[in-house]
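Student: Dumping the structure here so I can ask a few things about it.
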Amino acid sequence: MTAIHDEDADDPQHPEEHIAPVPRISVQAFCETEQTLNAVTAAGQDRRLAKAHLSAKDGGLAAAIEAYESMPTPNVIVIESDGTRDILEGLDDLAGVCDPGTRVVVIGNPNDTAPYRELVRRGVNDYVVGPVETLDVVRSICSLFSASEAIITGRVIAVVGAKGGVGASTVAHNLAWTIARDLSLDSVVIDLDLAFGTAGLDYNQDPVQGIANAVLSQDRPDTALMERLLAKCTDRLSLLAAPATLDRVYDFGAEAFDAVFDTLRMTTPCIVLDVPHQWSGWTRRALVNADDIVIVAEPDLANLRNTKNMLSVLKAARPNDRPPLYCINQVGMAKRAEIEVKAFAKTMESQPIAVIPFDSKLFSTAANNGQMIAEVSRTHRTTVLFQNMANRLAGRGEVKKPKRSLLEPLLKKLKGKSGRSSAPHRKAS
């Protein structure tokens with residue numbers, strides 16, 4: 001059973017909240033108020049209910065009982081109570097026409113007096129206090145499956161460049177590596193640039209199989225297949241590499257990668273998608289269906305325009321999610337005219353998640369050695385930037401360095417003297 005929701009539920013835009021998508025199910029809602037009807041209808045358009053067949057009708061509990069006297073019940077029934085009828089009596093009547101295995105969500109009224117224990121006893125899986133918003137409905141339906149099936153529902157983070165060559169792949173690979181190492185989360189990087197992907201080079205891996213074997217397989221990829229295709233980079237980080245060959249053209253339908261992502265979600269807490277810079281049905285779908293999006297841009301006019309356009313389109317396609325994030329990369333390149341970060345942020349109407357300075361020696365050394373930035377320099381400020389990004393995207397907050405005390409040098413000096421004075425003197429030979 002899931003917990004009772006109320007009006008103080010987490011903010012839908014709060015980074016800590018993670019709502020996993022549902023499998024292919026049927027959902028029917030019977031509403032008493034127009035507000036609830038509109039909220040349920042809007043929920044049907046949410047990306048997390050994309051596989052669900054959802055319909056909403058007027059009439060509440062009475063209409064549901066009448067409907068199911070002559071038709072089978074769906075996977076999920078959503079019932080709104082207006083408080084005018086004894087809800088327990090109504091649920092008893094519904095149980096008489098409800099098929100075994102059907103899950104029930106009740107949208108209650110503040111006037112309802114039935115104790116939650118009695119609702120649970122009558123088979124109610126979730127009880128939400130009305131009035132409800134769209135995300136309340138999404139959260140309630142999705143929680144029925146993510147909680148009751150007791151499976152891992154991995155978080156998907158999609159990283160994409162606003163323009164080619166802005167370093168989006170480098171950001172994606174370092175971000176995934178940092179999440180795996182510093183947050184101790186089992187993670188998978190999926191290199192979706194099948195023709196030119198660089199994840200294998202960046203992690204110093206040369207796997208024989210990878211994402212192409214999964215997406216081109218005639219059978220639906222299962223957990224066993226995915227385990228065979230993953231290359232181990234560290235104890236907690238695995239790679240689904242791109243073939244990076246040009247012996248064929250990689251044209252895919254919009255839903256080509258859905259089965260791969262769904263399978264990995266069941267076993268992996270964090271999945272980072274390295275999305276190539278192209279606008280097609282499947283890249284747009286991968287971005288829209290991700291839990292978080294990071295757009296990587298350089299501080300020039302073309303990147304400014306493209307980032308603005310992408311933010312606008314993706315926000316509209318994900319009205320119930322946190323807005324896409326962006327970072328500005330390669331800032332401070334010598335002899336290059338750049339748009340100031342403040343001006344860039346003003347145009348976006350939001351601040352970047354990170355501003356990564358240009359450092360040709362650091363990044364080229366890491367790339368040529370097949371290393372991550374933190375492996376080249378643990379103390380570099382860019383390493384800290386990736387740690388902050390990883391923490392924020394995983395809902396852990398920002399890494400803050402402890403403030404240095406003004407007395408620290410003096411205390412260190414005194415400690416050193418104390419250590420020397422307490423050391424035993426050597427006897428002269």
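The values are calculated or read from the model by the stated rules, or taken from the named source; none is laboratory data. Note that this is a predicted model, so its numbers are computed, not measured. For neighbour counting, all protein chains shown are included, and Cβ atoms are generated from backbone atoms with ideal geometry for every residue, glycine included.
Student: For the condition in the same structural domain as F344 (by TED's automatic domain parsing), at pLDDT 95 or above and either buried (at least 16 other Cβ atoms within 10 Å of the Cβ) or touching a Gly at 6+ places or on another chain (Cβ under 8 Å) (or both), what is the one hit in V260, V275, V215?
Tutor: Checking each option against the conditions leaves just V275.
Student: Can you find a residue that is surrounded by fewer than 22 Cβ atoms within 10 Å (Cβ to Cβ) and more than 24 Å from A180 (Cα to Cα) anywhere in segment 231-240? Full working, then the answer.
Tutor: Start the filter on segment 231-240 by keeping residues that are surrounded by fewer than 22 Cβ atoms within 10 Å (Cβ to Cβ), which leaves 231-232, 234-236.
If we keep only those that are more than 24 Å from A180 (Cα to Cα) as well, we get none.
No, the conditions are met nowhere in segment 231-240.
Student: Next question. Return the residue satisfying two criteria in turn: it lies in segment 317-355 and is on the phi < 0 side of the Ramachandran plot and among the acidic types (D, E), and of such residues it is modelled with the lowest pLDDT. Spell out the reasoning first.
Tutor: Here is the first cut: in segment 317-355, the residues on the phi < 0 side of the Ramachandran plot are 317-329, 331, 333-334, 336-348, 350-355.
Remaining after also requiring among the acidic types (D, E): 321, 338, 340.
Working: D321: 92, E338: 96, E340: 97.
Checked segment 317-355; the qualifying residue modelled with the lowest pLDDT is D321.
Student: Only one of L264, L239, L287 is under 27 Å from A390 (Cα atoms) and part of a strand (DSSP E or B); which?
Tutor: After applying the criteria, what remains is L239.
Student: Touching a residue at least 40 places away in the same chain (Cβ under 8 Å) and surrounded by fewer than 17 Cβ atoms within 10 Å (Cβ to Cβ): does that describe L301?
Tutor: no
Student: For A244, indicate whether it is assigned by TED's automatic domain parsing to the domain that holds M372 and part of a loop (DSSP other than H, G, I, E, B).
Tutor: Yes; evaluated as a whole, the condition is true for this residue.
Student: Got a sec? Which helices (runs of 4 or more DSSP H) wholly within segment 195-235 have at least 1 residues that are under 15 Å from F261 (Cα atoms) and either of a type in the set (F, W, Y) or in contact with a helix residue (DSSP H, G or I) (Cβ under 9 Å, 6 or more places away or on another chain) (or both)?
Tutor: Helices (runs of 4 or more DSSP H) meeting the threshold: 211-215, 223-229.
Student: Here is a further query. Restricting to segment 304-325, count the residues that are in a helix (DSSP H, G or I) and buried (at least 22 other Cβ atoms within 10 Å of the Cβ). Write out each step before concluding.
Tutor: In the first step, residues of segment 304-325 are kept if they are in a helix (DSSP H, G or I); the result is 304-317.
Filter once more, keeping what is buried (at least 22 other Cβ atoms within 10 Å of the Cβ): 307.
Qualifying residue count for the region: 1.
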